[in-house]
Number of protein chains: 2
Amino acid sequence: MGLRERKKATTRRALQRAAVRLAVEHGSEHVTVDDIAAAADVSKRTFFNYFSSKEEAIVGDGPPRPDDEARAIFVARGPTGDLLDDLKIFLISPLAGSDAEDLGQRLADVHERKRLVQHEPHLAPRVMAAFADMERYVGESVAERLGEDSDDIRPQIVASLGITAMRFSMRRLHTHAASEGSAGARDDVSELRGLFDQAFDALRRTFRPAA
Amino acid sequence: MGLRERKKATTRRALQRAAVRLAVEHGSEHVTVDDIAAAADVSKRTFFNYFSSKEEAIVGDGPPRPDDEARAIFVARGPTGDLLDDLKIFLISPLAGSDAEDLGQRLADVHERKRLVQHEPHLAPRVMAAFADMERYVGESVAERLGEDSDDIRPQIVASLGITAMRFSMRRLHTHAASEGSAGARDDVSELRGLFDQAFDALRRTFRPAA
DNA sequence: CGCATTTTTTCATATAGTGCAATGATTGAG
DNA sequence: CTCAATCATTGCACTATATGAAAAAATGCG
């Protein structure tokens, strides 16, 4: 990785961190792009080279998507053959690969943004839209697996159930224990997995697999 | 209804119609608020007295919400006692009251906006957010009916299934027959009801009512 | 009609977001 | 090392969104 790319990554992180921090401190409405750029020591124009809008920098990218490999396995009826089990594995796959350090950092970011959105409801639409987009992606994957059209009702039902489980988990995350700091990174991950298991157990109970 | 309120309603409709028409004609990116205001013969500032953003005027309000009466019936386990049947009635209740004339007009608007969003994907997030908001509302109603907390998983599952049925119906509406004009108003309504029935039949087949 | 209320308009202003050309740093080839 | 190509950053100009405040116009009522 060359110096150029490293600097770009640093700048991007700096901008994003500044955006979130300032939004938490003063409320996102009272933070201008100029403020964010100044806090990250770049020009306003540079900010827009990295983010296409202020909200994008503050809210972030939404839930992480499974990669193409995980999608291929899911579409090919793998790895277990059971629809719900495989859907669960498919959805949680982005949390599988990376190391605990990085993962904990991302979950901490999720946590901070969650609080931000709760305090500022006008940010919610963007988050909701991100989930809706994810749901469309999952729906198409399910349709492909089932050999049906993505306009059919069944793939949409299955996708919405999966996304509901996901939202439930992320919503519940951190609402109980107030475990903070870097030591809680692994705890966060296992808590998220636990909630995910819990949600899918509930799905299993209310879902009748075949027609 | 006094002259004042009638005029306000007229102005609002004029602005909304102008917004949609111009967006269809030239693409929403190439339509400015000044254009819309000029087409409706009001000042730009007046536009913002009616709509808080350009997108709000173009995309509209999203799916119509059940009124408090319908919600009260649903929460009180009415009218049939069966969860899915009652959910269906609850969700479709906004289409029950008004006359066919007005209803057909609204469905025509839905149709036009649907095409608009399909051609301009950047409008999609707003629509998705509207559905997500509706889903939250339904989830809270279901939780109240079941005597559970709206943070619990079951109300969220039920709500997401209901909204999925709704989205499926609105998505499929008008994709088959190209029936246009005022004569098709009643047909549209019955087609929508048919699709809604179909979706809920599918839900019934995949849903196991009690734990 | 004449007065009170509400709506519309005019004007000023702040901020978001984009295109373009110039500048300066990073890189890789010779 | 040196030079040339590449790429990020920046400043500047400009358009559009959105809001606030006060003047001006329209409306409702006695």
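We did not get these values from a lab; they are worked out from the coordinates using the rules stated. Not measured: the values here are computed from a predicted model. As a convention, Cβ positions derive from the backbone with ideal geometry for all residues, glycine included, and neighbour counts pool all protein chains shown.
Values computed for the structure shown
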read-out	value
Karplus (6.51, -1.76, 1.60) ³J(HN,Hα), θ = phi - 60°, over the stretch A:69-83, in Hz, Gly and Pro reported as x	5, 4, 5, 4, 4, 4, 4, 7, 6, x, x, 9, x, 8, 4
Pairs of lysine residues in chain A - Cα separation under 20 Å, sequence separation of 8 or more or cross-chain	5
Under-5 Å amide H pairs with B:F207, H placed in peptide plane, nonlocal only	A:R208
Shortest-first nm distances, B:D187 label point to equivalent points in other copies (7 Å, Cα→Cβ)	6.4
Calculated label separations, A:E5, copies of the chain, 7 Å along the beta-carbon direction, nm	6.5
Among A:S43, A:L84, A:P63 - extreme Cα towards positive end, dipole of the stretch A:17-93, charges at beta-carbon	A:S43
Within-15-Å neighbourhood charge of A:P155 [Cβ basis; K, R +1; D, E -1]	+1
Helical contribution to [θ] at 222 nm, DSSP H n ≥ 4, -39,500 (n - 2.57), averaged over chain B, rounded to 500	-22500 deg cm²/dmol
7 Å along Cα→Cβ, label-point gaps from A:T80 to other copies, nm, shortest first	3.3
Which of B:L87, B:L3, B:L146 has the fewest Cβ neighbours within 10 Å, and the rest in rising order	B:L3, B:L146, B:L87
Under 13 Å, Cβ to Cβ, from B:E25 - net charge with Lys/Arg +1 and Asp/Glu -1	-1
Cα centroid separation - the stretch A:120-151 against the stretch B:65-111, whole Å	25 Å
Derived scalar couplings ³J(HN,Hα) [the stretch A:84-90; Karplus, 6.51 cos²θ - 1.76 cosθ + 1.60; whole Hz; x for Gly, Pro]	5, 4, 5, 4, 4, 4, 4
Positive-end residue, chain A charge dipole about Cα centroid, Cβ charges, pick of A:S98, A:L3, A:S160	A:L3
